[in-house]
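Structure, as structure tokens:
The values are calculated or read from the model by the stated rules, or taken from the named source; none is laboratory data. This structure is a prediction, so every number in the text was calculated from the model and none was measured. Cβ: placed from backbone, ideal geometry, glycine included. Neighbour counts: every protein chain shown. Keep in mind that these areas ignore ligands, DNA and RNA; they rest on the heavy atoms of the full protein, side chains included. Shrake-Rupley method; radii C 1.70, N 1.55, O 1.52, S 1.80 Å.
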Amino acid sequence: MTDRTDASTSGMDNHANEARSFAPPAPFAAQANVDADAYGLGADSERFWADQARAMLTWKTPFTQTLDWSQAPVARWFADGTLNAAHNALDRHVQAGNGDRVALYFEGEPGDTRQVTYAELLTEVSRAANALQSLGVKTGDRVVIYMPMLVESVVTMLACARIGAPHSVVFGGFSADALRSRIEDAGARIVVTADGGWRRGAPAALKPAVDEAIAGLDPSHPGVDHVVVVRRTGQEIGWTQGRDLWWSEALEAADTRHDPVFVEAEHPLFILYTSGTTGKPKGILHTTGGYLTQAAWTHWAVFDLKADSDVYWCTADIGWITGHSYVVYGPLVNGASQVIYEGTPDAPHRGRWWEIVQKYKVSILYTAPTAIRTCMKWGEQIPAQFDLGSLRVLGSVGEPINPEAWMWYRRVIGGGSTPIVDTWWQTETGAIMISPLPGVTATKPGSAQVPLPGIGATVVDDDAAPVPNGAGGYLVITKPWPSMLRGIWGDLQRFKDTYWSRFPGIYFAGDGAKKDQDGDIWLLGRVDDVMNVSGHRLSTTEIESSLVAHESVAEAAVVGAADETTGQAVVAFVIVRAQFAELVTDPAQAAALQEQLRNHVGKQIGPIAKPRRILIVPELPKTRSGKIMRRLLRDVAENRTVGDATTLADSSVMNLIARKM
Ligand code: WTA
């Protein structure tokens, strides 16, 4: 643990007074997929999840065992069953006569569109699976995907799943260095990418980063044999003969039929890298049967999905877990029709999202608080220009949603009556864990409220004792759940240390939380060195390592400072090396160096990790044992009076730093 146990600094301490509550509209409750009985059924969690696994999925070999926890904390769910994820997402819908249903309404940023039915998606995924196999990909091989939001991205993920080759999607906003380390860690020998994607009216290149990543691979890596490239923007790209090939040519040559590889329920489905408290990203491993069960059930229950009439839209990128569980696997396993959008909310105008909702009559919208706050800032006159009357459920994910943003979402986007589900979960949990049920729960602005049926979650104190109502502590998960991570790729010990050592036997989520007088759970932000910027997880340590890797930096400390729009913003405090000390006394030179450092971090990790501000300081506040007191730096970054500094080795340090603001 670090000194950051003061989770209230996330700016969420105002909800102690939140008394508003909104019961589900009676007509909504009457037609909802799930009623209050689900909580009773969920009390026997193993039986509950076994029932959902049978109801939501089609198994090749039915399972007879539900949970094997004998090798805790690595769970095995439904272990003697076999199935295929792509078969569940595609073939069975086509076989059931729903092949003509639209699976994807693709909206490109420049305005190009494409509708893909389940039957068409099956054909394309089969082609891609054949193409990957003809390139040598076998069951168990890892495939790295580095793409924008395109139909082809969904196709590639499902093609991998179809042959039992775990995919590892790397967010397109990550740098070549970040991509390289993920290719290395996953041991991937094939990368699927695009020339680029459209961002704010301009092509943003992806392929050059792939070339750079591969060129920089550690000699211990066997090398990347093939790079498959989707042509999206048409921009000029470099080409390595024999290694690179066009997606269109690879697929054209491939057969439209493909027999899915049925795998054991515990076969790896994907690895997704996420920031941890140390510099090295963690490869979160998810397997097939349990993951699909919970992704599908939660998508159906929490969003009240009616597959034959709803149009669903989750705005997340496939580079994040939300894109995996609630763009690809949950919705497609459930046979939903959904929108996927390539670009940014303000291209070419700030009403683009609402125009899309109107155009496709979106009925379920799932997005992040940072996006809602951005739209609030742009003004409600923008969504007011569009007909949003089709919306019937609104979802939020990624960070605590402040009550003002929640109320705005409900009133301006939801017409004042639409249920809002504030869903708490993590890359590690694989699927939603804590959320209201839209036809059951009287919702409270700012609270994720209740663990879903079949999920054991509570708030505990330092000694692992559940806190009484009205008190705060740490969020923990008390029972194994089907979509839980099965480990960190290649590092079982780190998995145990990170999640299972703080409170033996129960899962430590890393979030602060509190229970209100009704026992409802309010999330308060991270209690470790993980920041949350626009719903993206960033590690303070990773950015600090990047900064000190620059020739001018001797030492660095990074904090997440509260930010009205992005939740948190990255603020870095750096001490420059002696030979640069003279230079930075000149304000122009200092500004140039600050800009250089921002770009350096952008290049090493990705643009989202660029510090909003970099302060060049003479000292950092440290305890006598040498630990940086980030709490004090956050006070400075958030323009607060600096708190208790008595444990500092040198108490004059804070005066020196504060003068720099
Ligand atoms: C935060 C995203 C409050 C939390 C699905 C968690 C939330 C981290 C919420 C996981 C929410 C996510 N309310 N906080 N509804 N949803 N978080 O892995 O700190 O990108 O630990 O998964 O986001 O982020 P990740």
(message) Looking at the structure I just gave you, is L272 touching a residue at least 40 places away in the same chain (Cβ under 8 Å), within 16 Å of the ligand (Cβ to nearest atom) and within 23 Å of H167 (Cα to Cα)?
(response) yes
(request) Kindly indicate whether Q52 is open to solvent by 20 Å² or more (accessible area, probe 1.4 Å), assigned to a loop (DSSP other than H, G, I, E, B) and under 28 Å from G456 (Cβ atoms). (result) no
(message) If the requirement is being of a type outside the set (G, A, S), more than 22 Å from Q358 (Cβ to Cβ) and within 16 Å of the ligand (Cβ to nearest atom), which of these qualifies: V440, V459?
(response) V459
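Sort through G379, G351, G416 and tell me the only one that's farther than 17 Å from F28 by Cα and touching a helix residue (DSSP H, G or I) at 6+ places or on another chain (Cβ under 7 Å). So that I can check it myself, show each step before the final result.
On the way: G379 fails: touching a helix residue (DSSP H, G or I) at 6+ places or on another chain (Cβ under 7 Å); G416 fails: farther than 17 Å from F28 by Cα.
Every option except G351 fails the conditions.
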(message) If L332 satisfies all but one of (1) farther than 29 Å from V192 by Cα; (2) more than 16 Å from the ligand (Cβ to nearest atom); (3) not basic (K, R), what's the number of the condition it fails?
(response) (1)
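Of all residues in segment 466-501 being touching a helix residue (DSSP H, G or I) at 6+ places or on another chain (Cβ under 8 Å) and away from the ligand (no atom under 16 Å from the Cβ), which is least open to solvent (accessible area, probe 1.4 Å)? So that I can check it myself, show each step before the final result.
So in segment 466-501, the residues touching a helix residue (DSSP H, G or I) at 6+ places or on another chain (Cβ under 8 Å) come out as 472, 479, 481-485, 487-490.
Okay, now just the ones that are also away from the ligand (no atom under 16 Å from the Cβ), so 479, 482, 490.
On the way: K479: 69, P482: 0, G490: 82 Å².
The qualifying residue least open to solvent (accessible area, probe 1.4 Å) is P482.
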(request) Scan segment 81-116 residue by residue and report those that are free of Cβ contacts under 8 Å to residues at least 60 places away in the same chain, touching a Ser or Thr at 6+ places or on another chain (Cβ under 7 Å) and open to solvent by 40 Å² or more (accessible area, probe 1.4 Å). (result) R92, D100
(request) State all residues of segment 501-550 that are assigned to a strand (DSSP E or B) and of a type outside the set (A, V, I, L, M, F, W, C); if no residue qualifies, say none. (result) Y507, G510, D511, G512, K514, K515, G525, R526, N532, H536, R537, S539
(request) Return yes when E249 is within 25 Å of I488 (Cβ to Cβ) and surrounded by fewer than 24 Cβ atoms within 10 Å (Cβ to Cβ) and no when it is not. (result) no
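Could you please let me know if A549 is within 16 Å of the ligand (Cβ to nearest atom), modelled with pLDDT under 95 and open to solvent by 40 Å² or more (accessible area, probe 1.4 Å)?
Details: within 16 Å of the ligand (Cβ to nearest atom): no; modelled with pLDDT under 95: yes; open to solvent by 40 Å² or more (accessible area, probe 1.4 Å): yes.
Here the answer is no, as A549 does not meet what is asked.
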(request) Would you check which residues across segment 191-203 are open to solvent by 10 Å² or more (accessible area, probe 1.4 Å) and either without any contact (Cβ under 8 Å) to a residue 60 or more places away in the chain or among the basic types (K, R) (or both) and list them? (result) R199, R200, A202, P203
(request) Out of the residues in segment 354-370 that are assigned to a helix (DSSP H, G or I) and open to solvent by less than 20 Å² (accessible area, probe 1.4 Å), state the one that is farthest from L305 (Cα to Cα). (result) T370
(request) Consider P504 carefully, then state whether it is at pLDDT below 95 and open to solvent by 40 Å² or more (accessible area, probe 1.4 Å). (result) yes
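Conditions (1) without any contact (Cβ under 8 Å) to a residue 60 or more places away in the chain; (2) open to solvent by less than 20 Å² (accessible area, probe 1.4 Å); (3) within 16 Å of the ligand (Cβ to nearest atom), marked per residue:
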{"residue": "V527", "(1), (2), (3)": "no, yes, yes"}
{"residue": "A556", "(1), (2), (3)": "yes, yes, no"}
{"residue": "A562", "(1), (2), (3)": "no, no, yes"}
{"residue": "A572", "(1), (2), (3)": "yes, yes, no"}
(request) Within segment 424-436, identify whether any single residue is away from the ligand (no atom under 16 Å from the Cβ) and open to solvent by 10 Å² or more (accessible area, probe 1.4 Å), and answer yes or no. (result) no
(request) Tell me which residues, restricted to segment 588-631, are in a helix (DSSP H, G or I) and either in contact with a Phe, Trp or Tyr (Cβ under 6 Å, 6 or more places away or on another chain) or farther than 16 Å from V576 by Cα (or both). (result) N599, G602, K603, Q604, P607, I608, A609, R630, R631
(message) Cβ contacts < 9 Å: first residue free of Cβ contacts under 8 Å to residues at least 40 places away in the same chain and within 20 Å of L475 (Cα to Cα), restricted to segment 385-409; second residue among the β-branched types (V, I, T) and within 15 Å of the ligand (Cβ to nearest atom), any location; separation 6+ or different chain. Result?
(response) S396/T367; S396/I372; S396/I420; S396/V421; S396/T423
(message) Taking the conditions exactly as written (at pLDDT 90 or above and either loosely packed, with under 15 Cβ neighbours inside 10 Å or under 24 Å from L538 (Cβ atoms) (or both)), does L597 satisfy them or not?
(response) yes
(request) Would you mind telling me which numbered condition in (1) in contact with a helix residue (DSSP H, G or I) (Cβ under 9 Å, 6 or more places away or on another chain); (2) within 13 Å of the ligand (Cβ to nearest atom) A448 fails? (result) (1)
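Give the number of residues within segment 380-417 that are in a loop (DSSP other than H, G, I, E, B), more than 10 Å from the ligand (Cβ to nearest atom) and open to solvent by 10 Å² or more (accessible area, probe 1.4 Å). If you could, list the steps in order and put the result at the bottom.
Taking segment 380-417 as the starting set, the residues that turn out to be in a loop (DSSP other than H, G, I, E, B) are 380-382, 386-392, 398-402, 414-417.
Going one step further and asking which of them are more than 10 Å from the ligand (Cβ to nearest atom), we end up with 380-382, 386-392, 402, 414-417.
Checking which are open to solvent by 10 Å² or more (accessible area, probe 1.4 Å) leaves us with 380-382, 386-392, 402, 415-417.
Summing the residues that are in a loop (DSSP other than H, G, I, E, B), more than 10 Å from the ligand (Cβ to nearest atom) and open to solvent by 10 Å² or more (accessible area, probe 1.4 Å) in segment 380-417 gives 14.
In segment 315-335, which residues are within 15 Å of I364 (Cβ to Cβ) and surrounded by 24 or more Cβ atoms within 10 Å (Cβ to Cβ)? Quick ask: steps written out before the conclusion?
Here is the first cut: in segment 315-335, the ones within 15 Å of I364 (Cβ to Cβ) are 315-316, 322, 325-327, 330-332, 334-335.
Answer for segment 315-335, where residues must be within 15 Å of I364 (Cβ to Cβ) and surrounded by 24 or more Cβ atoms within 10 Å (Cβ to Cβ): T322, S325, Y326, V327, G330, P331, L332.
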(message) Being over 23 Å from S325 (Cβ atoms) and among the hydrophobic types (A, V, I, L, M, F, W, C) is the requirement here; does A513 meet it?
(response) no
